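Structure record follows, encoded as structure tokens.
The values are calculated or read from the model by the stated rules, or taken from the named source; none is laboratory data. Quick caveat, the model's predicted, so the values are computed rather than measured. All Cβ positions, even for glycine, are placed from backbone atoms using ideal geometry, and neighbour counts span all protein chains on display. Note: areas computed on protein heavy atoms with side chains; ligands, DNA, RNA excluded. Shrake-Rupley method; radii C 1.70, N 1.55, O 1.52, S 1.80 Å.
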Amino acid sequence: MASSLRARARAGEKLLGALLRMPSEELVEMLAVAEFDFVLIDCEHGPADITALRNHIALAAAHGVPVIVRVGENDRGQILRVLDQGAEGILAPHLDTAADAAALVDASLYPPVGTRGFATYSRAGRFGETPPAEHLDRWLENTLVLGMIESPGGVRNVEGIVATPRLDGILVGPADLAASSGPDDLPLADAIAAVHGALAAAGSLRMDIVGTRAAAETSFAGGADLVIYNLASSLMQHLRDLASPAR
């Protein structure tokens, strides 16, 4: 695996991607042609059909574009299948505690770091052609493990979460965080700032979700390592604009 997404992010490269839901093979290809750095496929709020997902991952790979998959909450089986199909990263929702973060790492990585089931005959192992020791080392080193903080509890526990060995970074889920916050919790902007501060202090990766190019530039300037466009939101804004010319 030449220059994995994890290696690039850890080396300080600023990486741009887009969040999209299946089925969207043509959008995957369009993102590749537009030279995005990666694609984030949503299997939490989108369909989680593994056959369709495999087609998306294979198409992205044909263009040399790595894929991260947002999986369902606490879904170890889905994590295993997603990584077996060649996804380079996992994004898991609702990390509320350090124990949640440790469970994510455990499900995502092979022994001795985690307990992910080992197989070389999947797509990720080139259907058995990769020697077992090489396959083990490659995916231990290059699997990007990201989680989401989406609740006041996660914000309160952020230092323990980001201290979890081999958890690479965090995306704040602003919609869920806002929905789950009450009058006694930090205001949304302060909660997000607290998470970002903890990430910076720990040297962990920060992923932001945005809707516009200007917002992406602001995120990168503010310290984000990976930025994703909410493609549904961005496309709807563009379509609304296209639908309202002067007549």
Options ALA18, ALA32: the member that is part of a helix (DSSP H, G or I) and either in contact with a helix residue (DSSP H, G or I) (Cβ under 9 Å, 6 or more places away or on another chain) or surrounded by 14 or more Cβ atoms within 10 Å (Cβ to Cβ) (or both): ALA32
Qualifying residue in region 214-221 (condition: touching a helix residue (DSSP H, G or I) at 6+ places or on another chain (Cβ under 7 Å) and either in a loop (DSSP other than H, G, I, E, B) or farther than 19 Å from LEU19 by Cβ (or both)): no
When residues of region 160-186 are limited to those that are surrounded by fewer than 17 Cβ atoms within 10 Å (Cβ to Cβ) and in contact (Cβ under 8 Å) with a residue 40 or more places away in the chain, the one farthest from ALA103 (Cα to Cα): ASP176
Residue within region 147-158 that is farther than 30 Å from GLY86 by Cα, surrounded by fewer than 16 Cβ atoms within 10 Å (Cβ to Cβ) and hydrophobic (A, V, I, L, M, F, W, C) present: no
Enumeration of residues in region 97-123 that are open to solvent by 10 Å² or more (accessible area, probe 1.4 Å), in a helix (DSSP H, G or I) and not aliphatic (A, V, I, L, M): ASP100, ASP106, ARG123
Lone unmet requirement of (1) more than 18 Å from ILE79 (Cβ to Cβ); (2) surrounded by 18 or more Cβ atoms within 10 Å (Cβ to Cβ) for HIS56: (1)
Selection count where residues are open to solvent by 50 Å² or more (accessible area, probe 1.4 Å) and of a type in the set (Lys, Arg), scope region 187-223: 1
Where ILE192 falls short, out of the listed (1) part of a strand (DSSP E or B); (2) farther than 18 Å from GLY17 by Cβ; (3) of a type in the set (Val, Ile, Thr): (1)
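With respect to ARG247, determine if the residue is farther than 25 Å from ARG21 by Cβ and among the charged types (D, E, K, R).
For ARG247, the condition - farther than 25 Å from ARG21 by Cβ and among the charged types (D, E, K, R) - is met.
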Any hit, region 139-153, residues being part of a loop (DSSP other than H, G, I, E, B), small (Gly, Ala, Ser) and either within 24 Å of GLU73 (Cβ to Cβ) or free of Cβ contacts under 8 Å to residues at least 60 places away in the same chain (or both): yes
Lone unmet requirement of (1) open to solvent by less than 50 Å² (accessible area, probe 1.4 Å); (2) at pLDDT 95 or above for ALA133: (1)
Among residues of region 74-96, those that are open to solvent by less than 50 Å² (accessible area, probe 1.4 Å) and either part of a helix (DSSP H, G or I) or among the polar types (S, T, N, Q) (or both), counted: 7
Residue among ALA224, ALA246, ALA216 that is at pLDDT 95 or above and more than 20 Å from MET30 (Cα to Cα): ALA224
Only one of ALA198, ALA178 that is under 18 Å from ASP225 (Cα atoms), modelled with pLDDT of 95 or more and assigned to a helix (DSSP H, G or I): ALA198
